[in-house]
Amino acid sequence: MHHRVRATSIWLKLRALTLDGPPPPPWPSYQGDSQFVGTSPSGRVTVYVDPTLDDAGLQNAQDLVNDADRVASANDAIFGAVGGNVSVIVFALGGMTDGTGGADHLGCDFITGAAIEVCASFGNSARVSALFEAELSECSMGGNLCGVSTGEALSRWCAAVVGNNALLDFATAPQWALDGMPDFVDQTDPTDQNPDSTGCGMVFLSWLMSQGYTLDEIAQAIVTLGETGTLAQLYEDLSAGSADTAWVNFQAAIQNLPNGVNNDDPFGGP
């Protein structure tokens with residue numbers, strides 16, 4: 001299952017590194033040449049780029065090499081465990097070069113999901129780092145958690161926090177509000193592709209964080225619950241209240257929002 005410097009000096013460095021670079025893994029969807037760019041200082045993240053992107057794509061990839069260990073360390077802290085090694089390819093995912101093509105990998109672990117694809121974002125490498133964290137966080141979830149709505153919401157929150165809100169245009173909560181706020185607190189949607197269930201999860205986690213629960217606490221509790229766990233169970237496990245009152249209390253809190261649900265963090269959680 002899929003879960004989607006001066007240019008001359010950089011290119012000279014790239015050519016030199018490519019001679020000694022490790023072969024790329026099979027990617028989830030990318031079929032082109034994989035040009036080795038570098039490995040992060042810790043050795044945990046190996047980055048490649050589609051060479052047809054030229055200088056702007058290479059800059060994204062080099063910036064990711066430089067930022068990858070920060071992202072990986074932040075991800076370790078969120079999930080309370082040291083993750084494994086991964087490989088990343090930067091290319092025009094979906095034909096896009098502004099980051100809107102998103103990101104992809106396969107399984108929700110560091111074995112089946114360690115080959116990560118991220119969309120290039122010319123001139124804005126922060127978006128590439130945020131997309132990388134979205135997929136890296138899913139590798140820390142295990143099981144099929146990253147393939148259901150609770151895991152997807154958690155992944156996007158990890159990307160928002162570690163990526164410094166670089167993906168605001170990926171917001172799903174406003175769509176959930178427009179669609180009548182269906183209840184995905186008492187049930188978990190068995191997909192990561194529904195903006196309504198993802199949006200509900202985003203707002204619910206925003207609400208929990210506004211009450212003082214940290215993303216680290218939330219992430220580790222969601223992982224413990226697994227793919228069958230609900231947000232209502234998360235509410236109870238965090239000692240916020242009983243599971244059967246989670247939806248009612250959540251809706252009451254939304255009604256008190258002065259501006260309603262107009263982004264993924266209407267409660268100003270973090």
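Go through the residues of the range 71-79 one by one and say whether even a single one is touching an Asp or Glu at 6+ places or on another chain (Cβ under 6 Å), small (Gly, Ala, Ser) and farther than 16 Å from Val118 by Cα.
Among the residues of the range 71-79, not one is touching an Asp or Glu at 6+ places or on another chain (Cβ under 6 Å), small (Gly, Ala, Ser) and farther than 16 Å from Val118 by Cα, which makes the answer no.
Checking the condition of a type outside the set (Val, Ile, Thr), over 14 Å from the mean Cα position of the chain (by Cα) and under 26 Å from Ala232 (Cα atoms), which residue from Phe110, Phe204 passes?
So the residue among Phe110, Phe204 that is of a type outside the set (Val, Ile, Thr), over 14 Å from the mean Cα position of the chain (by Cα) and under 26 Å from Ala232 (Cα atoms) is Phe204.
So Asp186 passes all but one of these: (1) of a type outside the set (Phe, Trp, Tyr); (2) open to solvent by 60 Å² or more (accessible area, probe 1.4 Å); (3) in a helix (DSSP H, G or I). Which condition number does it fail?
The failed condition is (3).
Across the range 205-221, which residue is least open to solvent (accessible area, probe 1.4 Å) among those that are in contact with a helix residue (DSSP H, G or I) (Cβ under 7 Å, 6 or more places away or on another chain) and among the small types (Gly, Ala, Ser)?
Across the range 205-221, the extreme among qualifying residues is Ala219.
For residues that are in a helix (DSSP H, G or I) and open to solvent by 50 Å² or more (accessible area, probe 1.4 Å), tally how many sit in the range 189-204.
Going through the range 189-204 one residue at a time, the tally reaches 1.
Quick one: would you say Gly269 is at pLDDT below 95, buried (at least 19 other Cβ atoms within 10 Å of the Cβ) and either in contact with a helix residue (DSSP H, G or I) (Cβ under 7 Å, 6 or more places away or on another chain) or closer than 23 Å to Asp104 by Cα (or both)?
yes
Is at least one residue of the range 86-101 within 17 Å of Arg44 (Cα to Cα), surrounded by fewer than 18 Cβ atoms within 10 Å (Cβ to Cβ) and not basic (Lys, Arg)?
no
Tell me, please, whether a residue that is of a type outside the set (Val, Ile, Thr), at pLDDT 95 or above and more than 16 Å from Ala72 (Cα to Cα) can be found in the range 155-165.
Within the range 155-165, one or more residues are of a type outside the set (Val, Ile, Thr), at pLDDT 95 or above and more than 16 Å from Ala72 (Cα to Cα).
Among the residues of the range 114-129, how many are more than 13 Å from the chain's Cα centre (by Cα) and either in a loop (DSSP other than H, G, I, E, B) or surrounded by 24 or more Cβ atoms within 10 Å (Cβ to Cβ) (or both)?
Summing the residues that are more than 13 Å from the chain's Cα centre (by Cα) and either in a loop (DSSP other than H, G, I, E, B) or surrounded by 24 or more Cβ atoms within 10 Å (Cβ to Cβ) (or both) in the range 114-129 gives 6.
Please specify each residue of the range 33-70 satisfying the condition of being among the small types (Gly, Ala, Ser), farther than 18 Å from Phe110 by Cα and touching a strand residue (DSSP E or B) at 6+ places or on another chain (Cβ under 7 Å).
Once the filter is applied, which keeps residues that are among the small types (Gly, Ala, Ser), farther than 18 Å from Phe110 by Cα and touching a strand residue (DSSP E or B) at 6+ places or on another chain (Cβ under 7 Å), the range 33-70 yields Ser34, Gly38, Gly57, Ala61.
The values are calculated or read from the model by the stated rules, or taken from the named source; none is laboratory data. Since the structure is predicted, the reported quantities are computational estimates derived from the model, not experimental observations. Don't worry about glycine lacking a Cβ; one is built from the backbone with ideal geometry, like all the others, and counts go over all protein chains shown. Please note that ligands, DNA and RNA were not included when accessible areas were found on the heavy atoms of the full protein model with its side chains. Shrake-Rupley method; radii C 1.70, N 1.55, O 1.52, S 1.80 Å.
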